[in-house]
Structure formats: structure tokens, C-alpha cells
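Worksheet: the structure to be examined is printed underneath.
The values are calculated or read from the model by the stated rules, or taken from the named source; none is laboratory data. Keep in mind it's a predicted model, so treat the numbers as computed, not measured. Quick reminder, even Gly has a Cβ in these numbers, built from the backbone with ideal geometry, and neighbours come from all protein chains shown. These area figures cover heavy atoms from the full protein model, side chains too; ligands, DNA and RNA do not enter into them. Shrake-Rupley method; radii C 1.70, N 1.55, O 1.52, S 1.80 Å.
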Amino acid sequence: MQLTDSQFVCQGKVIGSANAKLRKTSVAIVGVGGTGSNAALLLAQLGTKQVTLIDPDVIETSNLGRQPLFTKSDIGKFKAETAVQKLKQHKNTLFIPTVNLLTEKNAAKLIANADIVLDCTDNYAARKAINSFCLRKKIPWIYCGAIRDKIMVSTIIPSKTPCFNCFAIKPTCEVSCCEEGIIPTATSIAAGIQVQEFVNLLGGKPKLAGKMLHMNLSTLTFSIFSLEKKCKDCKNRVK
Ligand SMILES: [Zn+2]
């Protein structure tokens, strides 16, 4: 036990009380693509207690450039199961694979045990499902998007901050990362910011609660702006 704990001494000097909380926290990652596989690895390195990886897709050649857990021999295998196989040497974290697309109907079953949800999907309907389930169960979640050379991250705390419906615009057509273009630095840095915010949240000091971080990697510029409660549900909750 002592030996295991010594692995996390260095990070404890920086993250304080969040360090012990990591050992008691269960996370669900929705989407095990570029952002999700980087986030999963970071959660393992931090020593998070349990991580459920949810993704219905199989690994394709076009994924390999930005999804660090997968190599050519994994093509055709399920992302969630393969990621768990690759991460199982991180013995401090229990990884659970779930090969399924998160929907409004199955959200209760797939993410019921999560203390915090990390959104690493590019699927609008799956984000809507995370939002409504997390609002109902009062589970904080961290929205994260990466496309081309741009990143967006925001923390949603039910009953406190604006929710996904307050800022999300339904896309007229869903464009995949591959169609639109994406660079591996975008998914890697997006995951880094998202997991840092997860640690901030555990420590009781989230920096992106009710705020949106936008980052442009080509220009290395970023901005953080406040979000407003705009949707019907959030407005009613204020009254
Ligand atoms: Zn809202």
C-alpha cells in the first residue's frame, strides 16, 4: 500500500487534497477516440480508482494518428475493449469497457456509477444524453470538443452552471473529425486541459464551471468567456 502511494507523492505536492480523492473517484469517459484515449491514460497515471470507457466503434486506420492507445494490429477491434487491454498494466485503476453508443435510454445503465463524466465524444445526441442524465442525477461533467486545430472545454455542474443546452447549437449535419480535419496535438491538449479541470473539480476549485475555454493551437491563443443560462430548464431552475 505504501509503495503504491509513493507513486503519487509528486503530484500530491501540486494537487493537494484532490490526490486522495482520486483513489475514491469513479469516472465515465464517453468516447474513446483521440481525446478519450488520451484522457484515459492521464486518469490512469493520476491513479483514479475506476474508469468506464464507453464507445461503440471499432478502430480504423484513420484513427491511428491521434489515438495513442491503438496501433495497426488493432484495426477492426472495439476501441473500448482494446483501450482497456492496453491500460490494464496501470494496476491502480480499474478500467471497464462498454461497447455501446450512449443514448437517453441507456445512460442510466452505462454511467450510473460515475462520480464525474468526461465527454470525449463528437456525437451531438450522446452529449444531449450525458447532459440530461447528469442534470437529473446531479453528476458534474466536463464538455470537451476538438476539431481541426481548435479546442473547447467547459465544466457543467448541475443546478449551478449553465448546461449543454444553454450553449450547444444542433449541427445541421454531423461532420466527423476525419472529414473536417484534426491534428493530434488538439486531442492531446484537449484531454490534458479536460483532465486538469477534473482534478480542479475534485479539489473543489474548477476553473471552467460556467465558462468556456476556446483554444486555437495554430496561433497558440486562447480565451475563456462566461456562459449564460439560456435554456428553458436552466432559466426555470434559477427562479
Ligand atoms: Zn441549460
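A few notes on this one:
- Cβ separations smaller than 8 Å between residues 6+ apart or across chains give the following pairs from the stretch 215-239 residues that are without any contact (Cβ under 8 Å) to a residue 60 or more places away in the chain and within 16 Å of the ligand (Cβ to nearest atom) to residues that are open to solvent by less than 90 Å² (accessible area, probe 1.4 Å) and part of a loop (DSSP other than H, G, I, E, B): S226/G210; K235/K229; V238/K229.
- The stretch 45-80, residues that are surrounded by fewer than 17 Cβ atoms within 10 Å (Cβ to Cβ) and part of a helix (DSSP H, G or I): Q45, T61, S62, K72, S73
- So L42, is it at pLDDT 95 or above, assigned to a loop (DSSP other than H, G, I, E, B), open to solvent by 50 Å² or more (accessible area, probe 1.4 Å) and out of contact with any Lys or Arg (no Cβ under 9 Å at 6 or more places or on another chain): no
- Of everything in the stretch 148-166 that is more than 15 Å from E197 (Cβ to Cβ) and away from the ligand (no atom under 12 Å from the Cβ), the residue that is most open to solvent (accessible area, probe 1.4 Å) is R148.
- Here I54 clears all of (1) more than 19 Å from Q194 (Cβ to Cβ); (2) touching a strand residue (DSSP E or B) at 6+ places or on another chain (Cβ under 7 Å) except the condition numbered (1).
- Check on K86, open to solvent by less than 20 Å² (accessible area, probe 1.4 Å) and under 23 Å from I189 (Cβ atoms): no
- The stretch 187-239: number of residues that are touching a strand residue (DSSP E or B) at 6+ places or on another chain (Cβ under 7 Å) and either among the acidic types (D, E) or modelled with pLDDT under 95 (or both): 1
- Test: residue in the stretch 98-107 that is out of contact with any Cys (no Cβ under 8 Å at 6 or more places or on another chain), charged (D, E, K, R) and farther than 23 Å from A44 by Cβ: yes
- Verdict on T25 being surrounded by fewer than 23 Cβ atoms within 10 Å (Cβ to Cβ) and either in contact with a Gly (Cβ under 9 Å, 6 or more places away or on another chain) or farther than 23 Å from I139 by Cβ (or both): no
- Scope the stretch 203-213; condition open to solvent by 70 Å² or more (accessible area, probe 1.4 Å) and away from the ligand (no atom under 16 Å from the Cβ); matching residues: K205, K207
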